[in-house]
Amino acid sequence: MKNNKLAILLKGIIEENPVLILVLGTCPTLATTGNVISAFSMGIAATLVLICSNAVISLLRKVIPDTVRIPCYIVIIAGFVTALQMLLQAYLPSIYDMLGVYLALIVVNCIILGRAEMFARKNPVLDSVMDGVGMGIGFLVALLLMATVREVFGTASFAGNSIPFMEYFKIPILTQAPGGYLVFGFLIALMNKLNQKRGGVKKKSFSCEGCPSASACHGSCEKGVKEGEANV
């Protein structure tokens, strides 16, 4: 039991890191990693929403009809995001202003909606919470890695504190959008390389074998061929 929970937790951090492996949530990733404080704040905010929404969706998984499950997920997530916004605005207004519109956009973050659809609606509450914790930590770690590289080498500072000896080695483009994409690409390549070495990522096959839609695809192809022969 413990090993199973640990595996769920670690999967989101390493094997299925939402940013560096699944490449989800790229909008807040690129927008909030200009400095470490905003990256940390966004990571914590998204993690809290992810854990809470996973737990509630898992609790209601047998009640929510399949036909309206996505709107229901969005309403649940929006409720937690609204509560978080109100708390930040009341007690941490500087963080609230720093995150700006990206705080509200957590509602439609692909990571949170994706875990609700792929995991929380199919698994019990504790497993869903562990999945939320793992994915949240993976998201937070990815943001902090990007923010550290961009802030240290882009502005010669860390969390707003100046690093004097880095002043002569600044690369200002790292604080801009092209620099963000560059660091993002390098981190994705590094993560893939590390996972390949530990056997976590298998070489992708582009054949039909293993595709969940293979039977439907083949069926439609066969139907098309028959219709074509009939028309001839």
remark   = Note: among Ala147, Ala142, just one is touching a Ser or Thr at 6+ places or on another chain (Cβ under 6 Å) and assigned to a helix (DSSP H, G or I), namely Ala147
message = Please determine whether any residue of region 85-97 is at pLDDT 90 or above, of a type in the set (Gly, Ala, Ser) and under 19 Å from Gly136 (Cβ atoms).
response = no
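Yes/no per residue for (1) farther than 26 Å from Gly12 by Cα; (2) crowded, with 19+ Cβ neighbours inside 10 Å; (3) aromatic (Phe, Trp, Tyr):
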{"residue": "Met86", "(1), (2), (3)": "yes, no, no"}
{"residue": "Gly114", "(1), (2), (3)": "no, no, no"}
{"residue": "Ala120", "(1), (2), (3)": "no, yes, no"}
{"residue": "Leu126", "(1), (2), (3)": "no, no, no"}
message = For a quick check of your reading of the model, give me the residue pairs whose first member lies in region 107-130 and is within 17 Å of Ala78 (Cβ to Cβ), whose second is among the hydrophobic types (A, V, I, L, M, F, W, C) and not in a helix (DSSP H, G or I), with beta-carbon atoms closer than 7 Å and at least 6 apart or on different chains.
response = Cys110/Leu24; Ile111/Leu24; Gly114/Leu24
message = Being modelled with pLDDT of 90 or more, β-branched (Val, Ile, Thr) and either closer than 17 Å to Glu15 by Cα or in contact with a Pro (Cβ under 6 Å, 6 or more places away or on another chain) (or both): is that true of Ile173 here?
response = no
task = Answer yes if at least one residue in region 26-33 is more than 13 Å from the chain's Cα centre (by Cα), surrounded by fewer than 22 Cβ atoms within 10 Å (Cβ to Cβ) and either more than 22 Å from Val81 (Cβ to Cβ) or not basic (Lys, Arg) (or both), and no otherwise.
result = yes
inquiry  = Testing Asn109 on (1) polar (S, T, N, Q); (2) buried (at least 17 other Cβ atoms within 10 Å of the Cβ); (3) at pLDDT 95 or above, one condition comes back false. Which one is that?
reply    = (3)
task = Within region 157-169, track down each residue that is surrounded by fewer than 10 Cβ atoms within 10 Å (Cβ to Cβ) and either outside any helix (DSSP H, G or I) or modelled with pLDDT of 95 or more (or both).
result = Asn161
query = Quick one: which of Gly138, Gly100, Gly185, Gly134 is of a type in the set (Gly, Ala, Ser), within 22 Å of Ile44 (Cβ to Cβ) and either free of Cβ contacts under 8 Å to residues at least 60 places away in the same chain or surrounded by fewer than 21 Cβ atoms within 10 Å (Cβ to Cβ) (or both)?
reply = Gly100
Residue count, region 144-156 (criterion: surrounded by fewer than 17 Cβ atoms within 10 Å (Cβ to Cβ) and over 18 Å from the mean Cα position of the chain (by Cα)) = 0
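The values are calculated or read from the model by the stated rules, or taken from the named source; none is laboratory data. This is a predicted model, so every value here is computed, not measured. Here the Cβ is made from the backbone with ideal geometry for all residues, glycine too, and neighbour counts use every protein chain on show.
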